[in-house]
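Structure, as structure tokens:
The values are calculated or read from the model by the stated rules, or taken from the named source; none is laboratory data. Model, not experiment: these values are computed from the prediction. Positions of Cβ are backbone-derived with ideal geometry, glycine not excepted, and every protein chain shown enters the neighbour counts.
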Amino acid sequence: MIKKNNVNFFQVAQGVWGMKLMFVNVFMIANRRGVRKGWVLVDTGPQGSADKIIAMAETLFGVGTRPSAIILTHAHSDHSGSLEALLKHWKVPVYAHEYELPYLTGKSSYPPADPTVGGGIMSLFSVFFRRKPLKLGNKVKAIDMAESRIPELPEWRILATPGHSPGHISLFFPLNTTLIAGDAFTTTKSESAIYLLNSIKQLSGPPMYLTPDWESAKKSVVKLAALHPRIAVTGHGPIIRGHELREALDNLAENFDELAVPTSGRYVKQAALADETGVLYVPPFKANTKFVAATIITGLLAGFIIARQIHKSVA
Ligand SMILES: [Zn+2]
Ligand SMILES: [Zn+2]
């Protein structure tokens, strides 16, 4: 862990650093060589993270620095939350997959979260996550997926890894097989607030409550496992390396249905459909009794805690 200028961040590999913002990671990649040197920011964390991201960048690359581009693994609010604030400070191009653009240009909202899956408190809270799209207009560009790279980061391959979101991408550096997987898989149990906030290591599938296409999500994990990365970081959870990564990722790819896919839920039997115009179809929501019971218990518990706090403060 590196602690400087009031920010804590960590080194992932040579020329790659990460920072945890509440429960989401962002990354900075320095270009080793090429016509354009400089660096690229991967994801922007939840809303309110811009100052920390700028402080980390200035610690690494000098006061007044700015990235040559910002690239989004996907546009979920915990990964794109500080994008607008950063663009006020840095006038730089933003890249995302073509299928992710509708959620960045005000054309479509993401399929709704499924709070019934995963069993953790984060799953229940997922209904409160922002689904409304950002309105960035022409500030955001589609990644040229035929090239599988962006000009500002020529040595890194960009792979389509849909499932968790329609235009989800991962970044891979073949030279030392470093993988930034976004939420295609995670290295903590992201349905659990305890795991998430404490970054407890456990290689897992994509966050269950926000994954509307499990078939695609499985193919994406198989694709990433086939790269045999030696270092992996994801949107949620700590770094995982070497043998531990290889074993856990192969296991997840081979047993994805048992390990990652919820037993029941809105998107398990039928996926939401989306393309470059946004969401085309969302399967209907059917709450099961277990979920209703869990919601009532959580509600009562929250009510009890709040009542106790009020009682304490007036006592
Ligand atoms: Zn996500
Ligand atoms: Zn995420």
Could you say whether any residue in the stretch 128-148 is surrounded by 21 or more Cβ atoms within 10 Å (Cβ to Cβ) and within 15 Å of ligand 2 (Cβ to nearest atom)? no
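The rows are residues; the columns are (1) assigned by TED's automatic domain parsing to the domain that holds residue 78; (2) under 19 Å from residue 158 (Cβ atoms); (3) within 13 Å of ligand 1 (Cβ to nearest atom); (4) in contact with a helix residue (DSSP H, G or I) (Cβ under 6 Å, 6 or more places away or on another chain).
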| position | (1), (2), (3), (4) |
| --- | --- |
| 180 | yes, yes, no, no |
| 193 | yes, no, no, yes |
| 208 | yes, no, yes, no |
| 212 | yes, no, yes, no |
| 226 | yes, yes, no, no |
| 234 | yes, yes, yes, no |
| 239 | yes, no, no, no |
Residue list for the stretch 129-145, restricted to those being at pLDDT below 95, of a type in the set (A, V, I, L, M, F, W, C) and either outside any loop (DSSP other than H, G, I, E, B) or touching a Phe, Trp or Tyr at 6+ places or on another chain (Cβ under 9 Å) (or both): 129, 134
(1) within 15 Å of the chain's Cα centre (by Cα); (2) surrounded by 17 or more Cβ atoms within 10 Å (Cβ to Cβ) all hold for residue 199 apart from (2)
Identify the single condition in (1) within 16 Å of ligand 2 (Cβ to nearest atom); (2) in a loop (DSSP other than H, G, I, E, B); (3) over 18 Å from residue 266 (Cβ atoms) that residue 171 does not satisfy, given that it satisfies every other one. (2)
Residue by residue through the stretch 81-107, note down the ones that are in contact (Cβ under 8 Å) with a residue 60 or more places away in the chain and surrounded by fewer than 17 Cβ atoms within 10 Å (Cβ to Cβ). 98, 107
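Enumerate the helices (runs of 4 or more DSSP H) found wholly within the stretch 56-126, keeping only those where 1 or more residues are within 16 Å of residue 28 (Cα to Cα), at pLDDT 95 or above and assigned by TED's automatic domain parsing to the domain that holds residue 168. Walk me through how you get there before you give the answer.
Values: elements: 77-80, 83-89, 121-125.
Answer list for the stretch 56-126: 77-80, 83-89.
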